[in-house]
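J.: Input: one structure, supplied below.
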Ligand code: BGC
(Lines give C-alpha, C1' and ligand atoms only; values in the text may rest on other atoms or scores of the structure.)
Protein backbone atom coordinates (compact mmCIF):
# COMPACT_ATOMS: atom_id res chain seq x y z
CA UNK A 1 0.00 0.00 0.00
CA UNK A 2 2.63 2.42 1.13
CA UNK A 3 4.24 2.51 -2.31
CA UNK A 4 1.02 3.92 -3.76
CA UNK A 5 1.38 7.01 -1.66
CA UNK A 6 3.39 10.08 -2.28
CA UNK A 7 5.17 11.42 0.80
CA UNK A 8 3.02 13.92 2.71
CA UNK A 9 4.14 17.17 1.12
CA UNK A 10 4.41 20.71 2.32
CA UNK A 11 1.06 21.70 0.77
CA UNK A 12 -0.73 19.05 2.85
CA UNK A 13 1.03 20.27 5.97
CA UNK A 14 0.32 23.91 5.16
CA UNK A 15 -3.37 23.08 4.88
CA UNK A 16 -3.27 21.14 8.15
CA UNK A 17 -1.40 23.87 9.95
CA UNK A 18 -3.66 26.69 8.77
CA UNK A 19 -6.84 24.86 9.70
CA UNK A 20 -5.33 23.87 13.03
CA UNK A 21 -4.83 27.59 13.72
CA UNK A 22 -8.50 27.41 14.71
CA UNK A 23 -7.36 25.16 17.58
CA UNK A 24 -4.74 27.73 18.49
CA UNK A 25 -7.36 30.48 18.65
CA UNK A 26 -9.65 28.26 20.70
CA UNK A 27 -6.74 27.72 23.13
CA UNK A 28 -5.79 31.40 23.19
CA UNK A 29 -9.33 32.33 24.16
CA UNK A 30 -9.43 29.71 26.91
CA UNK A 31 -6.07 30.80 28.29
CA UNK A 32 -6.26 34.55 28.02
CA UNK A 33 -9.01 35.21 30.52
CA UNK A 34 -7.13 33.78 33.51
CA UNK A 35 -4.53 36.55 33.40
CA UNK A 36 -6.98 39.32 32.58
CA UNK A 37 -9.49 38.67 35.38
CA UNK A 38 -7.68 40.41 38.21
CA UNK A 39 -7.14 43.56 36.12
CA UNK A 40 -10.74 43.55 34.88
CA UNK A 41 -11.95 43.24 38.47
CA UNK A 42 -9.91 46.27 39.51
CA UNK A 43 -10.83 48.31 36.45
CA UNK A 44 -14.59 47.78 36.61
CA UNK A 45 -14.76 47.22 40.41
CA UNK A 46 -16.89 44.13 39.99
CA UNK A 47 -17.65 41.17 42.29
CA UNK A 48 -16.42 37.61 41.86
CA UNK A 49 -19.89 36.72 40.69
CA UNK A 50 -19.63 39.11 37.73
CA UNK A 51 -16.19 37.65 36.95
CA UNK A 52 -17.81 34.21 36.70
CA UNK A 53 -20.24 35.66 34.16
CA UNK A 54 -17.37 37.17 32.18
CA UNK A 55 -15.64 33.76 32.09
CA UNK A 56 -18.71 31.74 31.21
CA UNK A 57 -20.24 34.15 28.64
CA UNK A 58 -17.70 32.93 26.08
CA UNK A 59 -18.61 29.34 26.86
CA UNK A 60 -22.34 29.90 26.41
CA UNK A 61 -21.50 31.62 23.12
CA UNK A 62 -19.57 28.48 22.18
CA UNK A 63 -22.61 26.31 22.97
CA UNK A 64 -24.65 28.45 20.58
CA UNK A 65 -21.85 28.38 17.98
CA UNK A 66 -21.63 24.59 18.12
CA UNK A 67 -25.38 24.21 17.69
CA UNK A 68 -25.47 26.32 14.50
CA UNK A 69 -22.25 24.83 13.07
CA UNK A 70 -23.87 21.77 11.51
CA UNK A 71 -26.23 23.93 9.41
CA UNK A 72 -23.61 26.57 8.57
CA UNK A 73 -20.94 24.12 7.47
CA UNK A 74 -23.46 22.21 5.41
CA UNK A 75 -24.93 25.27 3.68
CA UNK A 76 -21.90 27.54 3.27
CA UNK A 77 -19.25 24.83 3.07
CA UNK A 78 -16.45 24.21 5.56
CA UNK A 79 -14.13 26.86 4.19
CA UNK A 80 -16.60 29.76 4.25
CA UNK A 81 -17.77 28.70 7.72
CA UNK A 82 -14.18 28.85 8.96
CA UNK A 83 -13.75 32.26 7.31
CA UNK A 84 -16.88 33.50 9.08
CA UNK A 85 -15.56 32.19 12.38
CA UNK A 86 -12.17 33.88 11.78
CA UNK A 87 -14.01 37.16 11.16
CA UNK A 88 -15.99 36.77 14.38
CA UNK A 89 -12.70 36.00 16.15
CA UNK A 90 -11.21 39.27 14.87
CA UNK A 91 -14.24 41.47 15.60
CA UNK A 92 -14.98 39.71 18.92
CA UNK A 93 -11.41 40.06 20.24
CA UNK A 94 -11.29 43.75 19.35
CA UNK A 95 -14.75 44.33 20.79
CA UNK A 96 -13.68 42.68 24.07
CA UNK A 97 -10.67 44.94 24.25
CA UNK A 98 -12.68 48.16 23.93
CA UNK A 99 -15.61 47.19 26.18
CA UNK A 100 -16.49 49.98 28.56
CA UNK A 101 -18.46 48.08 31.15
CA UNK A 102 -18.67 44.57 32.52
CA UNK A 103 -21.99 44.06 30.73
CA UNK A 104 -20.51 45.08 27.43
CA UNK A 105 -17.60 42.72 28.03
CA UNK A 106 -20.01 39.88 28.81
CA UNK A 107 -21.81 40.56 25.50
CA UNK A 108 -18.52 40.75 23.60
CA UNK A 109 -17.31 37.48 25.13
CA UNK A 110 -20.58 35.77 24.17
CA UNK A 111 -20.10 36.98 20.59
CA UNK A 112 -16.48 35.79 20.55
CA UNK A 113 -17.64 32.46 21.96
CA UNK A 114 -19.74 31.88 18.84
CA UNK A 115 -16.46 31.81 16.87
CA UNK A 116 -14.92 29.40 19.36
CA UNK A 117 -17.91 27.05 19.09
CA UNK A 118 -18.04 27.19 15.30
CA UNK A 119 -14.27 26.61 15.05
CA UNK A 120 -14.33 23.75 17.56
CA UNK A 121 -16.84 21.95 15.35
CA UNK A 122 -15.72 22.89 11.84
CA UNK A 123 -11.91 22.76 12.04
CA UNK A 124 -11.65 19.08 13.10
CA UNK A 125 -14.33 18.24 10.54
CA UNK A 126 -12.42 20.02 7.76
CA UNK A 127 -9.15 18.40 8.85
CA UNK A 128 -10.62 14.92 8.87
CA UNK A 129 -12.19 15.50 5.44
CA UNK A 130 -9.20 16.92 3.65
CA UNK A 131 -6.29 14.94 5.09
CA UNK A 132 -5.31 11.81 3.20
CA UNK A 133 -6.29 8.71 5.21
CA UNK A 134 -2.79 7.74 6.27
CA UNK A 135 -2.14 10.98 8.17
CA UNK A 136 -5.69 11.65 9.38
CA UNK A 137 -4.95 10.61 12.98
CA UNK A 138 -1.91 12.80 13.29
CA UNK A 139 -3.74 15.78 11.75
CA UNK A 140 -6.43 15.55 14.46
CA UNK A 141 -3.78 15.18 17.17
CA UNK A 142 -2.08 18.26 15.76
CA UNK A 143 -5.32 20.14 16.28
CA UNK A 144 -5.47 19.01 19.93
CA UNK A 145 -1.88 20.01 20.44
CA UNK A 146 -2.59 23.44 18.95
CA UNK A 147 -5.25 24.01 21.63
CA UNK A 148 -2.70 23.43 24.38
CA UNK A 149 -0.11 25.57 22.55
CA UNK A 150 -2.73 28.33 22.32
CA UNK A 151 -3.42 28.16 26.05
CA UNK A 152 0.32 28.29 26.77
CA UNK A 153 0.91 31.23 24.42
CA UNK A 154 -1.94 33.13 26.06
CA UNK A 155 -0.32 32.56 29.45
CA UNK A 156 3.01 33.90 28.17
CA UNK A 157 1.32 36.92 26.66
CA UNK A 158 -0.63 37.52 29.89
CA UNK A 159 2.59 37.35 31.86
CA UNK A 160 4.25 39.85 29.57
CA UNK A 161 1.41 42.37 29.60
CA UNK A 162 0.42 41.63 33.20
CA UNK A 163 3.88 42.20 34.62
CA UNK A 164 4.49 45.33 32.54
CA UNK A 165 1.21 46.65 33.91
CA UNK A 166 2.51 46.03 37.40
CA UNK A 167 5.88 47.60 36.67
CA UNK A 168 4.14 50.68 35.30
CA UNK A 169 1.93 50.76 38.41
CA UNK A 170 -1.19 50.54 36.33
CA UNK A 171 -4.13 48.69 37.72
CA UNK A 172 -6.38 48.04 34.76
CA UNK A 173 -5.37 48.99 31.23
CA UNK A 174 -3.35 46.04 30.11
CA UNK A 175 -6.18 43.52 30.16
CA UNK A 176 -7.38 45.30 27.03
CA UNK A 177 -4.13 44.49 25.21
CA UNK A 178 -4.27 40.89 26.48
CA UNK A 179 -7.72 40.35 24.99
CA UNK A 180 -7.18 42.46 21.86
CA UNK A 181 -3.88 40.93 20.78
CA UNK A 182 -5.67 37.69 19.88
CA UNK A 183 -7.02 39.50 16.81
CA UNK A 184 -3.54 39.09 15.24
CA UNK A 185 -3.52 35.26 14.94
CA UNK A 186 -7.19 35.53 13.93
CA UNK A 187 -6.19 37.75 10.98
CA UNK A 188 -3.50 35.18 10.06
CA UNK A 189 -6.07 32.42 10.13
CA UNK A 190 -8.44 34.47 7.97
CA UNK A 191 -5.74 35.18 5.37
CA UNK A 192 -4.49 31.60 5.41
CA UNK A 193 -8.01 30.21 5.05
CA UNK A 194 -8.61 32.42 2.00
CA UNK A 195 -6.10 30.41 0.00
CA UNK A 196 -7.03 26.97 1.36
CA UNK A 197 -9.19 24.73 -0.83
CA UNK A 198 -12.75 23.75 0.12
CA UNK A 199 -13.20 20.32 1.71
CA UNK A 200 -13.36 17.72 -1.09
CA UNK A 201 -16.00 15.71 0.80
CA UNK A 202 -18.29 18.74 1.00
CA UNK A 203 -17.76 19.44 -2.72
CA UNK A 204 -18.79 15.86 -3.50
CA UNK A 205 -21.76 16.21 -1.16
CA UNK A 206 -22.95 19.21 -3.18
CA UNK A 207 -22.38 17.45 -6.51
CA UNK A 208 -19.11 19.15 -7.53
CA UNK A 209 -17.20 15.92 -8.19
CA UNK A 210 -14.65 17.41 -10.56
CA UNK A 211 -13.82 20.27 -8.22
CA UNK A 212 -13.52 17.84 -5.31
CA UNK A 213 -11.10 15.63 -7.22
CA UNK A 214 -9.08 18.68 -8.28
CA UNK A 215 -8.51 19.60 -4.64
CA UNK A 216 -6.57 16.36 -4.22
CA UNK A 217 -4.63 17.17 -7.39
CA UNK A 218 -3.76 20.60 -6.01
CA UNK A 219 -2.48 18.78 -2.93
CA UNK A 220 -0.14 16.89 -5.28
CA UNK A 221 -1.41 13.45 -4.28
CA UNK A 222 -0.63 10.61 -6.70
CA UNK A 223 -3.43 9.47 -9.02
CA UNK A 224 -3.81 6.07 -7.30
CA UNK A 225 -4.14 7.72 -3.92
CA UNK A 226 -6.69 10.17 -5.30
CA UNK A 227 -8.72 7.24 -6.61
CA UNK A 228 -8.69 5.60 -3.16
CA UNK A 229 -9.77 8.83 -1.45
CA UNK A 230 -12.53 9.47 -3.98
CA UNK A 231 -13.84 5.90 -3.67
CA UNK A 232 -13.95 6.29 0.12
CA UNK A 233 -15.83 9.60 -0.13
CA UNK A 234 -18.39 8.11 -2.49
CA UNK A 235 -18.86 5.09 -0.20
CA UNK A 236 -19.37 7.40 2.80
CA UNK A 237 -21.80 9.62 0.99
CA UNK A 238 -24.01 6.69 0.10
CA UNK A 239 -24.73 6.55 3.80
CA UNK A 240 -27.15 9.45 4.23
CA UNK A 241 -27.03 11.45 7.46
CA UNK A 242 -30.33 10.69 9.15
CA UNK A 243 -29.41 11.45 12.75
CA UNK A 244 -32.80 12.82 13.80
CA UNK A 245 -34.56 9.77 12.47
CA UNK A 246 -32.08 7.50 14.27
CA UNK A 247 -32.49 9.51 17.45
CA UNK A 248 -36.24 8.92 17.49
CA UNK A 249 -36.24 5.36 16.25
CA UNK A 250 -33.08 3.68 17.45
CA UNK A 251 -32.37 3.11 21.13
CA UNK A 252 -28.85 1.88 20.34
CA UNK A 253 -28.04 5.23 18.75
CA UNK A 254 -29.47 6.97 21.83
CA UNK A 255 -27.12 4.89 24.01
CA UNK A 256 -24.15 6.18 22.02
CA UNK A 257 -25.41 9.76 22.36
CA UNK A 258 -25.75 9.38 26.13
CA UNK A 259 -22.24 7.91 26.28
CA UNK A 260 -20.79 10.83 24.26
CA UNK A 261 -22.58 13.44 26.39
CA UNK A 262 -21.52 11.71 29.63
CA UNK A 263 -17.89 11.50 28.52
CA UNK A 264 -17.77 15.20 27.73
CA UNK A 265 -19.39 16.07 31.07
CA UNK A 266 -16.78 13.89 32.76
CA UNK A 267 -13.97 15.64 30.89
CA UNK A 268 -15.15 18.98 32.22
CA UNK A 269 -16.09 17.77 35.72
CA UNK A 270 -12.50 16.61 36.08
CA UNK A 271 -12.04 20.28 36.96
CA UNK A 272 -9.43 21.01 34.27
CA UNK A 273 -10.86 24.38 33.37
CA UNK A 274 -11.03 25.51 36.96
CA UNK A 275 -7.24 25.50 36.64
CA UNK A 276 -7.17 26.85 33.07
CA UNK A 277 -9.40 29.86 33.85
CA UNK A 278 -8.44 30.60 37.43
CA UNK A 279 -4.80 29.48 37.76
CA UNK A 280 -3.50 32.86 39.02
CA UNK A 281 -6.22 32.86 41.71
CA UNK A 282 -5.22 29.33 42.78
CA UNK A 283 -1.58 30.40 43.02
CA UNK A 284 -2.69 33.34 45.17
CA UNK A 285 -4.61 31.00 47.48
CA UNK A 286 -1.49 28.81 47.71
CA UNK A 287 0.44 31.81 49.01
CA UNK A 288 1.98 33.35 45.90
CA UNK A 289 1.25 36.97 46.73
CA UNK A 290 2.89 38.78 43.80
CA UNK A 291 1.20 39.12 40.41
CA UNK A 292 4.40 38.08 38.63
CA UNK A 293 4.68 34.94 40.79
CA UNK A 294 1.09 34.03 39.91
CA UNK A 295 1.66 34.70 36.23
CA UNK A 296 4.86 32.64 36.12
CA UNK A 297 3.13 29.79 37.90
CA UNK A 298 0.36 29.93 35.32
CA UNK A 299 2.90 29.78 32.49
CA UNK A 300 4.32 26.60 34.06
CA UNK A 301 0.78 25.14 34.12
CA UNK A 302 0.46 25.92 30.38
CA UNK A 303 3.83 24.37 29.49
CA UNK A 304 3.06 21.23 31.54
CA UNK A 305 -0.33 20.88 29.84
CA UNK A 306 1.22 21.16 26.39
CA UNK A 307 4.13 18.78 27.04
CA UNK A 308 2.04 16.08 28.73
CA UNK A 309 -0.24 15.96 25.66
CA UNK A 310 2.66 14.23 23.88
CA UNK A 311 2.37 11.31 26.32
CA UNK A 312 -1.17 10.70 25.05
CA UNK A 313 -0.16 11.10 21.42
CA UNK A 314 2.68 8.59 21.87
CA UNK A 315 0.75 5.91 23.75
CA UNK A 316 -2.94 6.13 22.92
CA UNK A 317 -2.74 3.76 19.95
CA UNK A 318 -0.22 1.45 21.64
CA UNK A 319 -1.59 1.01 25.18
CA UNK A 320 -5.22 1.73 24.30
CA UNK A 321 -7.69 4.36 25.49
CA UNK A 322 -8.90 2.74 28.70
CA UNK A 323 -5.58 2.03 30.47
CA UNK A 324 -4.56 5.65 29.80
CA UNK A 325 -7.89 6.87 31.14
CA UNK A 326 -7.66 4.76 34.31
CA UNK A 327 -4.15 5.92 35.00
CA UNK A 328 -4.94 9.55 34.20
CA UNK A 329 -8.07 9.67 36.38
CA UNK A 330 -6.35 7.97 39.34
CA UNK A 331 -3.57 10.59 39.08
CA UNK A 332 -6.14 13.39 38.76
CA UNK A 333 -8.26 12.18 41.69
CA UNK A 334 -5.34 11.70 44.07
CA UNK A 335 -3.68 14.96 43.14
CA UNK A 336 -6.88 17.00 43.53
CA UNK A 337 -7.38 15.39 46.97
CA UNK A 338 -3.79 16.35 47.80
CA UNK A 339 -4.32 19.97 46.64
CA UNK A 340 -7.44 20.17 48.82
CA UNK A 341 -5.71 18.66 51.84
CA UNK A 342 -2.73 21.03 51.64
CA UNK A 343 -4.95 24.08 51.15
CA UNK A 344 -6.95 23.06 54.24
CA UNK A 345 -3.80 23.13 56.38
CA UNK A 346 -2.32 26.25 57.91
CA UNK A 347 -0.56 27.82 54.94
CA UNK A 348 0.44 30.94 56.82
CA UNK A 349 2.36 28.96 59.41
CA UNK A 350 4.12 26.73 56.89
CA UNK A 351 4.29 28.37 53.45
CA UNK A 352 6.02 25.27 52.06
CA UNK A 353 2.56 23.64 51.98
CA UNK A 354 1.68 26.06 49.17
CA UNK A 355 4.50 24.59 47.08
CA UNK A 356 3.24 21.08 47.82
CA UNK A 357 -0.25 22.11 46.69
CA UNK A 358 1.11 23.54 43.44
CA UNK A 359 3.19 20.40 42.79
CA UNK A 360 0.02 18.34 43.20
CA UNK A 361 -1.81 20.73 40.87
CA UNK A 362 0.84 20.17 38.18
CA UNK A 363 0.46 16.39 38.62
CA UNK A 364 -3.26 16.86 38.08
CA UNK A 365 -2.55 18.69 34.80
CA UNK A 366 -0.26 15.86 33.65
CA UNK A 367 -2.98 13.31 34.50
CA UNK A 368 -5.52 15.26 32.42
CA UNK A 369 -3.35 16.05 29.42
CA UNK A 370 -2.21 12.43 29.02
CA UNK A 371 -5.75 11.06 29.26
CA UNK A 372 -9.07 12.89 29.26
CA UNK A 373 -7.78 15.90 27.27
CA UNK A 374 -7.28 14.22 23.92
CA UNK A 375 -8.81 10.77 24.51
CA UNK A 376 -12.37 11.88 25.23
CA UNK A 377 -12.40 13.77 21.93
CA UNK A 378 -11.02 10.68 20.20
CA UNK A 379 -13.63 8.30 21.68
CA UNK A 380 -16.43 10.74 20.83
CA UNK A 381 -15.30 10.74 17.21
CA UNK A 382 -15.42 6.92 17.14
CA UNK A 383 -18.63 5.77 18.82
CA UNK A 384 -21.37 7.17 16.57
CA UNK A 385 -22.73 5.22 13.62
CA UNK A 386 -21.93 6.95 10.33
CA UNK A 387 -25.58 7.81 9.59
CA UNK A 388 -25.81 9.85 12.82
CA UNK A 389 -22.22 10.97 13.26
CA UNK A 390 -22.83 14.68 12.59
CA UNK A 391 -25.71 14.83 15.07
CA UNK A 392 -23.83 12.73 17.64
CA UNK A 393 -20.82 15.04 17.50
CA UNK A 394 -23.06 18.11 17.72
CA UNK A 395 -24.60 16.71 20.91
CA UNK A 396 -21.34 15.68 22.54
CA UNK A 397 -19.48 18.89 21.61
CA UNK A 398 -22.37 21.01 22.93
CA UNK A 399 -22.26 18.97 26.15
CA UNK A 400 -18.58 19.84 26.43
CA UNK A 401 -19.30 23.58 26.23
CA UNK A 402 -22.36 23.46 28.50
CA UNK A 403 -20.49 21.65 31.27
CA UNK A 404 -17.48 23.87 30.62
CA UNK A 405 -19.69 26.93 31.21
CA UNK A 406 -21.13 25.45 34.40
CA UNK A 407 -17.66 24.73 35.82
CA UNK A 408 -16.27 28.10 34.70
CA UNK A 409 -19.29 29.90 36.12
CA UNK A 410 -19.33 28.31 39.58
CA UNK A 411 -15.73 27.99 40.80
CA UNK A 412 -15.46 31.29 42.68
CA UNK A 413 -18.85 30.70 44.28
CA UNK A 414 -17.71 27.22 45.35
CA UNK A 415 -14.57 28.70 46.90
CA UNK A 416 -16.71 31.16 48.83
CA UNK A 417 -19.33 28.63 49.94
CA UNK A 418 -17.31 25.43 50.51
CA UNK A 419 -13.92 26.92 51.28
CA UNK A 420 -10.73 26.70 49.22
CA UNK A 421 -9.52 23.25 50.26
CA UNK A 422 -12.96 21.62 50.23
CA UNK A 423 -13.63 22.76 46.67
CA UNK A 424 -10.61 20.76 45.51
CA UNK A 425 -11.56 17.81 47.76
CA UNK A 426 -14.92 17.81 45.96
CA UNK A 427 -13.26 17.67 42.55
CA UNK A 428 -10.87 14.95 43.78
CA UNK A 429 -13.68 12.81 45.21
CA UNK A 430 -15.86 12.75 42.11
CA UNK A 431 -13.06 11.29 39.96
CA UNK A 432 -13.70 7.96 41.74
CA UNK A 433 -17.24 7.92 40.29
CA UNK A 434 -15.85 8.51 36.81
CA UNK A 435 -13.51 5.53 37.11
CA UNK A 436 -16.52 3.34 37.96
CA UNK A 437 -18.31 4.77 34.90
CA UNK A 438 -15.36 3.79 32.66
CA UNK A 439 -15.37 0.24 34.02
CA UNK A 440 -19.09 -0.17 33.40
CA UNK A 441 -19.80 1.74 30.21
CA UNK A 442 -16.76 2.80 28.21
CA UNK A 443 -15.49 0.62 25.34
CA UNK A 444 -11.86 0.14 24.35
CA UNK A 445 -11.75 1.38 20.76
CA UNK A 446 -8.04 0.87 20.02
CA UNK A 447 -7.27 -0.85 16.72
CA UNK A 448 -10.85 -1.63 15.68
CA UNK A 449 -12.55 -0.31 12.58
CA UNK A 450 -15.36 2.20 12.88
CA UNK A 451 -17.60 -0.17 10.91
CA UNK A 452 -17.11 -2.92 13.52
CA UNK A 453 -17.88 -0.51 16.39
CA UNK A 454 -21.03 0.51 14.53
CA UNK A 455 -22.25 -3.05 13.95
CA UNK A 456 -21.56 -3.98 17.59
CA UNK A 457 -23.48 -0.94 18.83
CA UNK A 458 -26.44 -1.47 16.55
CA UNK A 459 -26.66 -5.17 17.40
CA UNK A 460 -27.30 -4.17 21.02
CA UNK A 461 -24.01 -5.21 22.65
CA UNK A 462 -23.34 -3.55 26.02
CA UNK A 463 -21.52 -0.24 25.48
CA UNK A 464 -18.35 -1.42 27.16
CA UNK A 465 -18.11 -4.25 24.66
CA UNK A 466 -18.72 -2.41 21.38
CA UNK A 467 -14.97 -2.13 20.80
CA UNK A 468 -14.45 -5.89 20.68
C1 LIG B 1 -10.78 20.51 26.73
C2 LIG B 1 -10.76 21.97 27.11
C3 LIG B 1 -9.54 22.23 27.96
C4 LIG B 1 -8.30 21.79 27.23
C5 LIG B 1 -7.08 21.94 28.10
C6 LIG B 1 -9.52 20.17 25.99
O7 LIG B 1 -9.51 18.82 25.63
O8 LIG B 1 -11.92 20.23 25.95
O9 LIG B 1 -11.93 22.28 27.81
O10 LIG B 1 -9.45 23.59 28.29
O11 LIG B 1 -8.41 20.43 26.84
O12 LIG B 1 -5.93 21.53 27.43
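The values are calculated or read from the model by the stated rules, or taken from the named source; none is laboratory data. Given the structure is predicted, the values throughout are model-derived calculations rather than measurements. For neighbour counting, all protein chains shown are included, and Cβ atoms are generated from backbone atoms with ideal geometry for every residue, glycine included.
J.: In the list 430, 407, 435, which residue meets the criterion of being within 22 Å of the chain's Cα centre (by Cα), within 16 Å of the ligand (Cβ to nearest atom) and assigned to a helix (DSSP H, G or I)?
T.: Being within 22 Å of the chain's Cα centre (by Cα), within 16 Å of the ligand (Cβ to nearest atom) and assigned to a helix (DSSP H, G or I) holds for just one of 430, 407, 435, which is 407.
J.: Within the range 423-436, is there a residue that is exposed (fewer than 15 other Cβ atoms within 10 Å of the Cβ) and out of contact with any helix residue (DSSP H, G or I) (no Cβ under 8 Å at 6 or more places or on another chain)?
T.: yes
J.: Continuing with this model, one more query. Could you check, for the range 327-338, whether at least one of its residues is closer than 30 Å to residue 450 by Cβ, more than 16 Å from the ligand (Cβ to nearest atom) and in contact (Cβ under 8 Å) with a residue 40 or more places away in the chain?
T.: There is at least one residue in the range 327-338 that is closer than 30 Å to residue 450 by Cβ, more than 16 Å from the ligand (Cβ to nearest atom) and in contact (Cβ under 8 Å) with a residue 40 or more places away in the chain.
J.: Suppose we keep only residues that are within 16 Å of the ligand (Cβ to nearest atom) and crowded, with 24+ Cβ neighbours inside 10 Å within the range 352-368. Which one would you say is nearest to residue 281 (Cα to Cα)?
T.: 361
J.: Of the residues in the range 258-289, how many are more than 16 Å from the ligand (Cβ to nearest atom), buried (at least 22 other Cβ atoms within 10 Å of the Cβ) and farther than 18 Å from residue 39 by Cα?
T.: Number of matching residues: 2.
J.: Report yes if some residue within the range 89-105 is over 18 Å from the mean Cα position of the chain (by Cα), surrounded by 24 or more Cβ atoms within 10 Å (Cβ to Cβ) and free of Cβ contacts under 8 Å to residues at least 24 places away in the same chain; otherwise report no.
T.: Yes, that holds for at least one residue.
J.: Going through the range 33-42 one residue at a time, which ones are in contact with a helix residue (DSSP H, G or I) (Cβ under 8 Å, 6 or more places away or on another chain) and either free of Cβ contacts under 8 Å to residues at least 12 places away in the same chain or away from the ligand (no atom under 12 Å from the Cβ) (or both)?
T.: Correct list: 35, 36, 37, 38, 39, 40, 41.
J.: Another question, if that's okay. Kindly indicate whether any position in the range 358-381 is outside any helix (DSSP H, G or I) and either under 20 Å from the mean Cα position of the chain (by Cα) or farther than 21 Å from residue 432 by Cα (or both).
T.: yes
J.: Further question: Just wondering, is there one or more residues in the range 219-236 that are within 16 Å of the ligand (Cβ to nearest atom) and in a helix (DSSP H, G or I)?
T.: No; the residues of the range 219-236 include none that is within 16 Å of the ligand (Cβ to nearest atom) and in a helix (DSSP H, G or I).
J.: Where the second residue is in a loop (DSSP other than H, G, I, E, B) and the first is within 16 Å of residue 236 (Cβ to Cβ) and lies in the range 113-135, which pairs have Cβ atoms under 6 Å and are six or more apart or on separate chains?
T.: Listed by first residue and then by second, the contacts come to 126/199; 129/199; 130/199.
J.: From the list 27, 23, 35, which one is assigned to a helix (DSSP H, G or I), under 15 Å from the mean Cα position of the chain (by Cα), modelled with pLDDT under 95 and closer than 22 Å to residue 162 by Cβ?
T.: 27
J.: Given the residues 127, 105, which is the only one that is modelled with pLDDT of 95 or more and touching a helix residue (DSSP H, G or I) at 6+ places or on another chain (Cβ under 7 Å)?
T.: Unique residue meeting the criteria: 105.
J.: Looking at the range 143-160 only, could you name the residues that are surrounded by fewer than 23 Cβ atoms within 10 Å (Cβ to Cβ) and away from the ligand (no atom under 14 Å from the Cβ)?
T.: Result: 156, 157, 159, 160.
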